Amino acid sequence: MEIAKEAVAGGADWIEIGTPLIKSEGMNAIRTMRKAFPDRTILADMKTVDTGAMEVEMAAKAGADVAIVLGSADDSTILDALRSAHKYGVRLMADLISAPDPVKRAVELEALGVDYINVHVGIDQQMIGKDPVSILMEISEKVGVQLAVAGGLDSESAAQAVRAGARIVIVGGNITRSDNVTEAAKKIRKSVDSPESVDIRGRGTVDQEIREIFKEVSTSNISDAMHRKGAMKGIHPLVRGKMVGPAVTVQCFPGDWAKTVEAIDLAKPGDVIVIYNESKDIACWGGLATLSSLNKGIAGVVIEGAVRDIDEVENLGLPIYTSNTVPNAGDPKGFGEINAEITCGSQAVKPGDYIIGDESGVVVVPKERAYELARRAKEVNKEEKRLFDEIRRGGTLSEILKLKKWEKI
Ligand SMILES: O=C(CO)[C@H](O)[C@H](O)COP(=O)(O)O
């Protein structure tokens, strides 16, 4: 309710009751919003896939103005949902989320007679890099029905969507998870009203995007996004500083530091060297290796094993995370391997996996899921900003999360 009030203050015309809220609170969520916002359009995201007439009737009777049916539902469901919508005086929006051929289905849905088509890329799909605007561009050339668009929109993509023909812009996380909902809604409102005035920045490469996001979020956010996994055990910051980069892995042996130092020459600027050395009592890294790494532009070093020359490495400032410090080193014998899969801090690390370190420790993100996990970590980060804001306003964490209600039974 608070978020809805703030979004309306920022210029939102419609209020969407999202599917998770409907699943949690049922039709009462719609009733409550209807009462509180008599002059706004209430959109019930029922995501109906069967029993179209019954679900539209429920939403309509609870006070919705528009109900959403899945575009991929059977035609019989869409048609019966439409009959019910006509009977109860509400409008029907068909949502193209996960439709196998959204352009073809949009043409069919228009012929079936829906009031709006929502070109929608779902939240999980956004995390693997899909976006709705390119599909919207194709669809707007093929249909005349009013188009809505949804799926991770921000002020830039909202402007792009309006330019591409969207009449309704549905924004979720970038408003509801903001720490200033009214300002976030105002920004979107401005883009929707004057889309031509918004500068559209091109996206960088995927790798640039991943690094940028990992720099912005914390290791705690990332571990949450990984369902509490990914954190290295027993590895702590020695020289503090945010560290982000793909791994160059080193397996070396007690008393031998040749491979750790050779890895510096192999690594590229921005890489993180991750070393497993069984011995915690003989250092495989020190001041000279640190300076050499700095010259090479290495982003940081993680060592399960030991580091020495602590005053030197602290002065040099390269982020180093380790399990131990000792004064003595071994010798460069040459056993071990560079860029083989290793275990460090009880985590499997492959060359190229993303390694992120901060004050809380180090997490490993498998390279195959780096983009997805970066995006999910950003969502966790947004959610936490919102929670911080609510706690600052006087709520307790347990009240805000409704811990008692949601304890597992
Ligand atoms: O229906 C939804 C998810 O299925 C969301 O409401 C919709 O995607 C808008 O939220 P966001 O802007 O965060 O994607």
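Structural remarks
- Of all residues in region 154-176, those satisfying the criterion of being over 22 Å from Lys378 (Cα atoms) and of a type in the set (D, E, K, R) are Arg163, Arg167.
- Qualifying position, being within 16 Å of the ligand (Cβ to nearest atom), of a type in the set (Lys, Arg) and either surrounded by fewer than 14 Cβ atoms within 10 Å (Cβ to Cβ) or not in a helix (DSSP H, G or I) (or both), among Lys35, Lys61, Lys47: Lys47
- Annotation: Pro195 fulfils all but one of (1) surrounded by fewer than 19 Cβ atoms within 10 Å (Cβ to Cβ); (2) free of Cβ contacts under 8 Å to residues at least 40 places away in the same chain; (3) away from the ligand (no atom under 16 Å from the Cβ); (4) not small (Gly, Ala, Ser); the unmet one is (1).
- Which numbered condition Glu278 fails, given (1) within 26 Å of Lys367 (Cα to Cα); (2) touching a Gly at 6+ places or on another chain (Cβ under 8 Å); (3) at pLDDT 95 or above: (3)
- Residue within region 74-97 that is part of a loop (DSSP other than H, G, I, E, B), modelled with pLDDT of 95 or more and in contact with an Asp or Glu (Cβ under 7 Å, 6 or more places away or on another chain) present: yes
- Considering only residues in region 103-129 that are touching a residue at least 60 places away in the same chain (Cβ under 8 Å) and under 20 Å from Ala164 (Cα atoms), the one that is nearest to the ligand (Cβ to nearest atom) turns out to be Gln126.
- Counting only strands (runs of 3 or more DSSP E) that sit completely within region 275-356, those holding 3 or more residues that are in contact with a Leu (Cβ under 8 Å, 6 or more places away or on another chain) and either surrounded by fewer than 24 Cβ atoms within 10 Å (Cβ to Cβ) or in contact (Cβ under 8 Å) with a residue 40 or more places away in the chain (or both) correspond to 320-325.
- Test: residue in region 390-403 that is of a type in the set (D, E, K, R), at pLDDT below 95, in a helix (DSSP H, G or I) and buried (at least 16 other Cβ atoms within 10 Å of the Cβ): yes
- For region 305-343, the set of residues classified as among the small types (Gly, Ala, Ser) and either under 27 Å from the mean Cα position of the chain (by Cα) or at positive phi (or both) consists of Gly305, Gly317, Gly334, Gly336, listed by residue number.
- Condition check for Val380: touching a residue at least 12 places away in the same chain (Cβ under 8 Å), of a type in the set (Val, Ile, Thr) and outside the structural domain of Ser279 (by TED's automatic domain parsing): yes
- Hits in region 130-146 - residues which are within 15 Å of the ligand (Cβ to nearest atom) and surrounded by 16 or more Cβ atoms within 10 Å (Cβ to Cβ): Asp131, Pro132, Val133, Ile135, Leu136
- Within region 11-31, the residues that satisfy the criterion of being within 15 Å of the ligand (Cβ to nearest atom) and not in a helix (DSSP H, G or I) are Ala12, Trp14, Ile15, Glu16, Ile17, Gly18.
- Just one of the listed residues (Arg189, Arg177) is in contact with an Asp or Glu (Cβ under 6 Å, 6 or more places away or on another chain) and within 16 Å of the ligand (Cβ to nearest atom), and it is Arg177.
- Residues being assigned to a loop (DSSP other than H, G, I, E, B) and either charged (D, E, K, R) or outside the structural domain of Ala7 (by TED's automatic domain parsing) (or both) - total across region 164-193: 3
- Condition check for Ile409: part of a strand (DSSP E or B) and not assigned by TED's automatic domain parsing to the domain that holds Lys130: no
- Contacts under 6 angstrom Cβ, first residue in region 46-60 being within 13 Å of Thr19 (Cα to Cα), partner assigned to a helix (DSSP H, G or I) and among the charged types (D, E, K, R), 6 or more apart: Met46/Glu55; Thr48/Glu55
- Set Ser346, Ser360: member being on the phi > 0 side of the Ramachandran plot and not acidic (Asp, Glu): Ser346
The values are calculated or read from the model by the stated rules, or taken from the named source; none is laboratory data. Model, not experiment: these values are computed from the prediction. Reconstructed Cβ throughout: ideal geometry from the backbone, glycine too, with neighbour counts over all protein chains shown.
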